[in-house]
Structure formats: C-alpha cells, structure tokens
Amino acid sequence: MSMHPLLTGGRGERHLLLTNEAIVRGALEAGVSLVSCYPGTPSSEVPDTFRKLGSDRYVLEYSVNEKVAFEVAAGAALAGGMALVTMKHVGLNVAADPLFTAAYSGLPGGLVLLSADDPGCHASQNEQDNRHYARAASLPCFEPASAAEAREMTREAFRMARELQQPVMLRTTTRVNHMRGPVEFGELPAERSQVPFERNPGRFVAVPATARVRHRALVTAMKKAREFAENSRFNTEYGDPGVRTGIIVSGVSRNYLADALATGGWGGRVRVLELGMTWPLPEKKLLAFLSSCDRVLVLEEGDPLLESGVRELAQRHHCAVRVEGKDELLTVQGEYSTTLLLRRLAQYLDCPCPALTSAAPAAEGLPNRPPNLCAGCSHRAVYYAVRQVFGDDAYYSNDIGCYTLGVLPPLRAADFLVCMGSSISTGSGFARVSGKPVVAFIGDSTFFHSGMTGLANALFNRHDLLVVILDNGTTAMTGHQPNPGMAQEVLGEASLHLDIEAVVRGLGVTQFARVKAFNLKGVMAALEELKDKKGVRVLLAEEPCALYARRQFRKGTTQVAEVREQGEDARRCLDTLACPAFYRDGETIAVDENLCSGCMVCLQVAPKAFKARKRG
Amino acid sequence: MSETTQKRMRIYFTGVGGQGTLTATTLLSRTALDAGLDLVAGEVHGMAQRGGVVESVLLLGGWRSPRLDPGEADIILGFEPLETLRGLPYLRPGGAVFSSSDPLPPVSVSLGNAPYPDLADIESRVRAAAGVCRFLPCRELGLQAGSVQSGNTVLLAAACASGLLPFGTDALEAAIKKYLPAKLQDVNLKALSLGAAAVAG
C-alpha cells in the first residue's frame, strides 16, 4: 500500500494540498467505498489521486462516460456504500438523465457528485453554471473556496448524503480545483462505511406510480436540507452588526471579496454573509440579513442564481432592502477577480478605488505560445495524410481531445465541433444536408465515451461519411487516464481491453481499414480506397501517444531525423507538417534532437530532404 | 499561524509547459508553509501543458485569492525570458523580477513565422519597469549543478537570497532536504548555492 500522507496522515496533521487532493482526503475520512469518474479538466486530479494512492479502502473506476460513471456510483450507493462520482461541468449534461431520477428514488448509502465548472473556459467548450443542476434536480450543494474547506465540505457532503439518503453536489470551479493551501487532516475511519440494502421496488424502481410518491419524498428531504443550510458552519457572517450595507457572496468570490476588502481597507464599512452551502438557500438566515440591511450587493460568478433567490425572498417578505448584483461590471461571463471587486466595491461604497497600476503595459507583438500537437504526435501524421488526400474538398468534423489541436494551420483538420462524441453524428447530419464529403475524427477514449452510439446511428440511418479513429491508446489530453482501448498489459487485471476493430465490425461496419499512423504510405493508400466508396467507412489509425509511450514504456527511439538537403523539399515538409521539432536557423532548416521523437514521418513526406541518424 | 501581522506578498510564476514551473511553485509554497506563513497558491492546468504558457501564483501572509491581476505581483519569477516580458504587466511598480535568460522559442519562432524578441531588449525593458531585476543563466547554472531541471532551483534560490522574501535560502535548503527525492537533493542543493552566489556577486 502507498505511504502517501493522504492515506497515512493522522488527525491534526497539516499538509499542503491541491484542492482536488483535499477532496480525496475528505472522501477517505468520510469512508468512501467507490469512486467513479470520466476525466476532464479541472476535475481529473481527484480520480487520478485515488489511482496513485492505490488503496484497498475503496474501489476506483474510470467509466466510459459520465452517465455510466453516475449510474455505477448510484448502484454503489443503492448497495449501501458511499460513492463519489467526479466529472467536469459539461460531463454533467451527459449524466443528467440518471441524476434527476436518482434524486427521486434517493440513494441510501450516500452519493456525492463533484461537478467541476470552468468559468473562463480555461479548458472547455463553454462556461455553463452547474448550480442550475442543483436547483433543477434538487441537490444540496456545497461550494468550497479553499483546499481546507474542500476537505471539510466533502466530508460534510457525505454525512448529509447518508443522512438524507439524497445525492449531494460538491460544486467547484477551476481556480478552486487548482489552488493549493494548507489542510489540517481529520480522522481516517478504520473501515469504509456501509449500510445494508433493503429491497423496496415501490421506491427504487422508477415508474410513474413510484415517481409521484418519490417526488413528494424529495420535497420533504429538501426541506430538511434547508434546515441544514440554516445551521451550516459554512454559512457565516462577518463585519460590524450595526452596519446596514451588506454583501452576500458565494463560491470563489468569497476569496476575491476578502482580498478586496483588505486592499481597500473597507472591512469596517460592510457586513458580509458568506455562503459555502449554497443550495437550498438558508432562507431564514438570508431574510434576517436582508432585514438588517438597507442595501445588499450579491457577488457570485456565473449566472445570477443567488441574486434571483435573494430578490425573490425580499419580494416575498416585503423586505425593503435594495438588491444589487449583475450589471455592466459584474457580468455572467468569465471569472471575477480581486481588482474587479475592488472597482465594484468602490462604486458600491461610493469611495475612490485604490490606484491599480502596473509596472509596465502589455508588450505588443510578442510571438504567442499556443498549445500544439507534440513532436512525434501520431495525430499530426494522420491529419497530414488526410489533407493530402482530401484537401479542402472534404468537410472535417472533429471531436474532443488533444487532436482538436489539429484545427490549427497548416493541418486545419476541423471545420466544426460540438461536444464529446459529436464528430460522427454531427458529421452524419452535415453530410446528409450538404451532400459534401465529410471526414469525422474521433479519439479512442471519446469513441468509447459516446462515439459508438453515433456510429451505430450512422449505420442504422445509412449515413455517408468516413470516420477516422485516432487511436493513441490512452486518454491523452487529460493526463493519460485508462480507457477500454488501452493495452491490456497497461490496464492490469482490474480492467479488460476492448478491441476497437471488433467493436466497429460488431456494430456492422464492413468498409474498414486498420493502419499504423506512422506508415504514411499505408494511411494514404487506405484513405484513397475508402474515399470513393459510399456509406459508413471507418479507418482505424493506431500509434501510442508519444508522451505516454515515453513515460509508460520508457520507450525512446535510438534514431532521430536530420536534414540532409536544404531546399524546396525541406521547406515543404516544414510548411505542411509543421512538426515542433523543426526549426529555422536563418535560411536553413534543422531538427532539434531533444524534441525529435524519431517517428520518421518527415522522411516519408520529404525523402530527399531528411534522413535518419543515430541519436547522440 | 493566522497572525494578521504577517507581511503580505504576491508572487507570479511564469514559464513554458514541461519546464517544471509548477513543481518549483509547490517547492516554494512548502518552504513558506514550513516557515509558518499563511499562504495560498494557484495554478492553471490543462491545455496549457502542451507547450503553452504555464502560470502560477503564490500569495503569502493572509491573501485568499488563487489568482493575480495586472499590477498585483510584488515579485515575478520568470522561467523563460519571453514569458517574463509577457508577464511584466502583473508586476506592481517597484516590484522585483528574477528571470532566466535562456530562451525557449515558441513554435511560431522556430518555424520562422515570427521573430524572438532581442534578449538585450527584453532585459532593458524589464530593468526599466522593475525596482529589482536579475537575469540569470539558469540553464547553464543548472547544468553546472548537474541537470537542466535544477535551473529552476537556481531561480528560487536567487529570490530567497535577495532578502525580499520573508524567508531565506536556509528555509529553501530545508525544504529541498525534506521534500525532494533523495537522488535529486545534491543537484538541487548545488543549484541553490549557485543561485544564491549569482545574486550575491
């Protein structure tokens, strides 16, 4: 067993933890039995930490998608164990179906859902506010603002989930997931906490007759949850009780507010109500606060949910308080910050804003440093080949993973992308209406996530497109988590490798080719052959992720590429393949030996210009 | 702990994915924690790590926010000179900059589509803006200590030796001995002395 402090640290020990690690400790202290997930920034370090610890205290699984992860966790909680299920915000859209109904039946063991939201879109396709789900599905909701709070709230969320027998949401945002701070540990239980399952189809089998009854039970449970919120130690007030200028604040904004008040020296001029347990609203506590204020300003990133609740409460109780919230400064877009709140507070308190000056203005015209496909990335080779064969004649339906970076020139391998797994289905609809050739790109993990259903649909409805499965044997973008396509020797005994070709053929695909991504001639020949056919065609292009191969298999090649002849061919390769291991040194082109992975795709693109040589 | 009298300080780290900027941030955070300081650190993960810019922050003395805005940093630790220049607006007037002087050209530069700014120009622009400014050959000093990666420790040591932080190189030395794997300690302790010597000289 691992000797990691998260597993061995006793009560009272203090450690510097990432919030996502503190959530792990909180779950362990609660006595979690099962953890399921689909990885996604900013949630991934939670399951990855459980994986690293490798303890027999709990069972961990990387599920194929968020819906499945939620259902597995729900099953574990039905069986009486405490279950933690983790995902990024958009993942909860996938898991929404079981979420709503699980809240009706209730889950006796206790389920905590981590929804990691991403205001600012640091690594996401939208910045949706998942506090809506807590309201829509009726889940008690906690929003930590520090690593220490994350441990405590995770523990409290489990306690509540068990007591109410209802799923509870732990809602974080990127800045919170990825902050570090000192965390004081609580006690680790001797064993996991389990209650027996008692058969009760009248409750646990969701059909209309039970649903009507259970909806009533859910309303009752949420009343109880509201009482918990009224008394929660995470909902606290600070400031002089005589001050009638109020601020109500939740989530990460609590940090920005505290720092803005310290910077402005305004601590004595406002009274603050901080909400850490944010649903259901502690109405009595809020009303008492509103009644003792002339004005309140509501601070929350994202949508004006708390603000609407406060306005409704004031209206319902004929409270004369003036409520301020979202406006031109405090928008629904992006993140808040200390300086933003300084500016808004200066307005609110009608006082000058402390001067915020930089030592220097932003330097203009600096070369950017966007993320890029790595040197030796197999996706680059496949994209190059597809561009050679289809050029601008085809439309490219892309999907979510490292390979989305193929959107960048010169590969330009993405014309549209909606969400996880959409490449095949959206490509199908596009081809049907446009009548144009469509090539859909999807990675191995995304294929298992929700590409399989799109492929079944494409066959069933006789769609016409070429699907290229970019199989690099791992979930690369989020940090090399396992998926069913991963090699059996890497997965170990706990998981079973699924063969993508068998899945594809099993669904009924007959026009199929399987190639090695670095064999350019083979890839192009297969593409040429599939190009002129009609119907659903699948090309499976395989090559391990270069980063992963180096780390996992300690696989380093003994060869590197070298330019042997400067000129047109070398330039063409640099302009069309754009491998980051190439560099220009004045008029000449060279290969950086430290970056070159030895894939030798450049040799196939421009045989006259490049040659292989021994490394070193 | 939690003494409100602790000196408040905000540090901004910037570098390139794969350089070890986040590891360096965590080492300095642990150093501060063991020195009895209140702290919060923040970092950005995800897509930035495919060769993109990696930024992180360390706030000492009672701050709660895990991010910085322009003009808020007392100190910038730049692990790559172009990124130091890009991050310069985060510095408050009169703040301090410690930066590596070893460029890692972005892809647009290596492919010949954009020029890398002149190093002397970067240095003079930073010097004009900062109250304290030290550019160090971290790569060379790191190699001298035993590994390129230990160049990050050179930079941390320079900051600790400057007297601007609420702890000195002795605290960093203790953290290296406590938190780094045994096989990396000698190299990093050597890097520490080289970094400290570089700013003393």
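Values computed for the structure shown
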item: Cα-derived Rg over Rh, computed across segment A:243-317 with Rh taken as Kirkwood radius; result: 0.95
item: Accessible area buried at the B-A interface, both sides summed, 1.4 Å probe (Å², nearest 100); result: 4500 Å²
item: Listed residues B:Asp74, B:Asp102, B:Asp118, most fluctuating in chain B (Gaussian network, C-alpha, under 10 Å); result: B:Asp118
item: Cα-based reach from A:Lys611 at 30 Å (exclusive), listing lysines while leaving out same-chain residues under 8 positions away; result: A:Lys516, A:Lys521, A:Lys555
item: List of segment A:155-180 residues, accessible area with partners at least 40 Å² below that of the chain alone (1.4 Å probe); result: A:Arg175, A:His178, A:Met179, A:Arg180
item: Dipole magnitude (debye, nearest 20) for segment A:346-417, charges at Cβ of Lys, Arg, Asp, Glu; result: 300 debye
item: Peptide-level mean, for B:86-96, of C-beta atoms on other protein chains within 10 Å; result: 4
item: Net charge over other residues, Cβ less than 10 angstrom from the Cβ of A:Gly40 (K, R count +1; D, E count -1); result: -1
item: Three semi-axes of the equivalent ellipsoid, segment A:56-142, Cα gyration tensor, whole Å, largest first; result: 22, 15, 11
item: Under 14 Å from the A:Ser434 label point (7 Å along Cα→beta-carbon), backbone N, segment A:516-533; result: none
item: Around A:Thr357: net Lys/Arg minus Asp/Glu count, Cβ-Cβ under 12 Å; result: -1
item: Rounded to 5, percent antiparallel among DSSP beta bridges of the protein assembly as shown; result: 35 percent
item: Segment A:Cys351-A:Leu498, extension gain: residue separation times 0.36 nm, minus the distance between their alpha carbons; result: 46.5 nm
item: Mean Cβ neighbour count within 10 Å, used as a protection proxy, ranking A:82-89, A:349-356, A:34-41, A:155-162 highest first; result: A:82-89, A:34-41, A:155-162, A:349-356
item: Mean shadow area of the protein assembly as shown over all directions, Cα convex hull, nm²; result: 35.8 nm²
item: Sequence ranges A:461-470, A:166-175, A:401-410, ranked by mean other-Cβ count within 10 angstrom, highest first; result: A:166-175, A:461-470, A:401-410
item: Drop in accessible area of at least 40 Å² in the complex versus isolated chain, residues of segment A:312-339, 1.4 Å probe; result: A:Thr339
item: Over 16 Å [Cα-Cα, segment A:213-254], rounded percent; result: 59 percent
item: Solvent exposure ordering (accessible area, 1.4 Å, most first) of A:Asp399, A:Asp532; result: A:Asp532, A:Asp399
item: Paramagnetic label zone (point 7 Å from Cα along Cα-to-C-beta, A:Ala217; backbone N under 11 Å) in segment A:150-176; result: A:165-166
item: Once the Cα gyration tensor of segment A:351-454 is diagonalised, semi-axes √(5λ) in Å; result: 36, 19, 15
item: Probe 1.4 Å, accessible area per residue of chain A, Å²; result: 40 Å²
item: Test item: Cα-centred dipole of segment A:559-614, Lys/Arg +1 and Asp/Glu -1 on Cβ, debye; result: 220 debye
item: Alpha-carbon gyration tensor eigenvalues x 5, square-rooted, for segment A:5-231, Å; result: 26, 20, 16
item: Accessible heavy-atom area order of B:Val132, A:Val418, B:Val154, highest first, probe of 1.4 Å; result: A:Val418, B:Val132, B:Val154
item: Share of alpha-carbon pairs per 10 Å distance bin for segment A:117-217, given as whole %; result: 13, 31, 31, 20, 5
item: Accessible surface ranking that places the most exposed of B:Tyr12, B:Tyr179 first, with a 1.4 angstrom probe; result: B:Tyr179, B:Tyr12
item: Accessible surface of A:Glu149 - all protein chains present, 1.4 Å probe, nearest 10 Å²; result: 40 Å²
item: Signed unit charges on C-beta, dipole axis of segment A:24-111, positive-most listed residue A:Thr49, A:Val85, A:Thr101; result: A:Thr49
item: Relative contact order (%) - segment A:245-384, alpha-carbon pairs under 8 angstrom, separation at least six; result: 26 percent
item: Assigned charges on the beta-carbon of Lys, Arg, Asp, Glu; the protein assembly as shown dipole about Cα centre (debye); result: 1000 debye
item: Charge dipole of chain A about the Cα centre (unit charges at C-beta), most positive-ward option of A:Leu306, A:Tyr348, A:Thr588; result: A:Leu306
item: Cα gyration tensor, segment A:559-614 - rounded (a/c under 1.5), prolate or oblate; result: rounded
item: Accessible surface, per residue, of segment B:98-201 when the full set of protein chains is kept, probe 1.4 Å, Å²; result: 46 Å²
item: In Å², nearest 10: area of A:Val213 left accessible to a 1.4 Å probe; result: 80 Å²
item: Volume of the Cα convex hull of segment A:258-380, divided per residue and given in Å³; result: 197 Å³
item: Surface accessible to a 1.4 Å probe, B:Cys133 within the full protein complex, Å²; result: 10 Å²
item: Pairwise centroid distance, computed over Cα atoms, of segment A:256-281 with segment A:84-107, Å; result: 31 Å
item: 12 Å beta-carbon shell around A:Glu283, net charge (K/R +1, D/E -1); result: +2
item: Computed FRET value (nearest 0.05) for A:Phe553 with A:Thr453, which takes r as the C-beta separation and R₀ as 35 Å; result: 0.65
item: Whether segment A:428-580 is rounded, prolate or oblate, judged on the alpha carbon gyration tensor where a/c under 1.5 counts as rounded; result: oblate
item: Peptide-level mean, for B:111-118, of C-beta atoms on other protein chains within 10 Å; result: 5
item: Average beta-carbon neighbours from other chains, 10 Å sphere, peptide B:53-65; result: 4
item: Kirkwood estimate for segment B:73-201, i.e. one over the average of 1/r between Cα atoms, Å; result: 15.1 Å
item: Carbon and sulfur %, accessible surface of segment A:443-506 computed with the full protein complex present, 1.4 Å; result: 57 percent
item: Alpha-carbon radius of gyration plus Dmax, which is the widest Cα pair, for segment B:104-180 in Å; result: 15.8, 45
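The values are calculated or read from the model by the stated rules, or taken from the named source; none is laboratory data. Just so it is clear, the structure is predicted and the values come from calculations on it, not from any experiment. Don't worry about glycine lacking a Cβ; one is built from the backbone with ideal geometry, like all the others, and counts go over all protein chains shown. What goes into the accessible areas is simple: the full protein's heavy atoms, side chains included, and nothing from ligands, DNA or RNA. Shrake-Rupley method; radii C 1.70, N 1.55, O 1.52, S 1.80 Å.
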